[in-house]
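The values are calculated or read from the model by the stated rules, or taken from the named source; none is laboratory data. In this text the structure is predicted, and so the values were computed from the model without any measurement. Cβ sites come from the backbone with ideal geometry, for glycine too, and all protein chains shown count toward neighbours.
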Amino acid sequence: MSSNHVKQLFKFIENSPSCFHAIKTITEELKNEGFVEIKEKDTWQIEKGKKYYVTRNLSSVIAFKIPQNDFKSFHIVASHSDSPTFKIKENAEIEVNNKYVKLNTEKYGGMICSTWFDRPLSIAGRILVKENNAVKTHLVNIDKDLVIIPNLAIHMNREVNDGYKYNAQIDMLPLYGDNSSKGSLMKTIAKEVNVEEESILGTDLFLYNRMNGTKIGSNEEYISSPRLDDLECAFTSLSAFLSENTSNSASVYCVFDNEEVGSGTKQGADSTFLYDVLRRINISLGKTEEDYYRLISSSFMVSADNAHALHPNYTDKSDLTNKVYMNDGIVIKYNANQKYTTDAVSASIFKTICDSVDVPYQTFTNRSDILGGSTLGNISNAHVSLNTIDIGLAQLAMHSTYETAGAKDVTYMIDAIKAFYNTSIEQVEDGQYIVNNME
């Protein structure tokens, strides 16, 4: 089963070269499974026993299932659609010595710059086009090996292997073509979506790695692919979400944008998107404000974003007693300063769920002298405060343009999230909970 899940994951990533394409891939799957699209601008008429989804900015989505019977909580899993990359600037073409054309870009998120060199890259994202009196979005994916960021030869940069510091404005600009390509970038974009170049009013375009995912290792026990962080969690949680669930909760699937740049956008985890959706579900079902707060008291969120595996060449970079490994199961992430929102309550509940389906889990903390990152859980909790755990799958080379993870962990995550959606969690009183697998 693991092999089949890995193939599906690779296809999901291949179809998701940008955050906009990731959401398109997800919503197409939701439609195929009978989910009804609702729009933020419309009046919601939610019915029991039905399935819905809503997008924001075409780069974030929240889907949910309403049980046939009255429900007591929301069970939420959140991941993110974006990955570190380079954004194409406006007026991007730069002519060099009347021989080359390169593109002006800027960094999006905290990538490992060196991994972007000497690989086939292309451009994907969205454009906004004027059509009569309307402004319409078109997704763009130039589905060919289009640009490359060439390394400087070692003969001209003898320090490159001695800790060279890359300059994003000098070192990281991609080669687009020879001088005959001058003025053709926007023409190429327009042709791709069959619009007039002059009708393009705005763009959100990014570079992406064209390399496909692959299995590696002596027994094909590892997987390598672009954008594992965090499309692996978006894919696995979607697979679990689409399975039938039998708990007395409303299952919610969230994919937010802009996690890599702090989530502080209208479509990020630090927006009101989740709060707005949960409140509108409550209102549409005729429940009171008091009912909403009672629902939240027993609700639970799984924030799913990948974690750092112990690196075989840098074992000293991992914590002394909390090392995690690829293919050893779900990673539960802890941080005393709550950059990860896991606490004893959320960890205990989630461990109980994993134990019920024999999914292994492990614990991650940063070394006390190494500052780690943050993720969706604690940010989202500022708007919807509920028990939340931060988890992920162990991987190497996080924020590289080509990352590595464990093949078995794909299935572990699907099984764990499926069990979560099939579990009833009820708060008896503050600090006491009843946890029952409903399968």
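Selection of helices (runs of 4 or more DSSP H) fully inside the range 341-439 by the criterion of at least 3 residues being modelled with pLDDT of 90 or more returns 344-356, 407-421. Just one of the listed residues (282, 245, 313) is without any contact (Cβ under 8 Å) to a residue 40 or more places away in the chain and surrounded by 19 or more Cβ atoms within 10 Å (Cβ to Cβ), and it is 282. Against the condition under 13 Å from the mean Cα position of the chain (by Cα), buried (at least 23 other Cβ atoms within 10 Å of the Cβ), in the same structural domain as residue 426 (by TED's automatic domain parsing) and at positive phi, how does residue 258 come out, does it pass? Considered against the rule, which asks whether it is under 13 Å from the mean Cα position of the chain (by Cα), buried (at least 23 other Cβ atoms within 10 Å of the Cβ), in the same structural domain as residue 426 (by TED's automatic domain parsing) and at positive phi, residue 258 comes out as yes. A single member of 39, 51 is in contact with a Leu (Cβ under 9 Å, 6 or more places away or on another chain), under 30 Å from residue 232 (Cα atoms) and without any contact (Cβ under 8 Å) to a residue 24 or more places away in the chain, and it is 51. Figure legend. Inter-residue proximity from the range 172-187: first residues within 13 Å of residue 148 (Cα to Cα), second residues among the basic types (Lys, Arg), beta-carbon distance below 8 Å, spacing 6+ or different chains. Indicated pairs: 172/107; 173/102; 174/102; 175/102; 176/102; 178/99. What residue, among those in the range 35-90 that are closer than 16 Å to residue 125 by Cβ and of a type in the set (A, V, I, L, M), is nearest to the chain's Cα centre (by Cα)? Ranking the qualifying residues of the range 35-90, first place goes to 58. Inspection of the range 193-208 finds no residue satisfying the criterion of being closer than 23 Å to residue 82 by Cα, touching a residue at least 24 places away in the same chain (Cβ under 8 Å), in a helix (DSSP H, G or I) and not assigned by TED's automatic domain parsing to the domain that holds residue 11. Here is a check on your reading of the model: is residue 244 charged (D, E, K, R), part of a helix (DSSP H, G or I) and within 28 Å of the chain's Cα centre (by Cα)? Here the answer is no, as residue 244 does not meet what is asked. Is it the case, given these coordinates, that residue 136 is touching a residue at least 40 places away in the same chain (Cβ under 8 Å) and outside the structural domain of residue 57 (by TED's automatic domain parsing)? Judged against the criteria, residue 136 is not a match.
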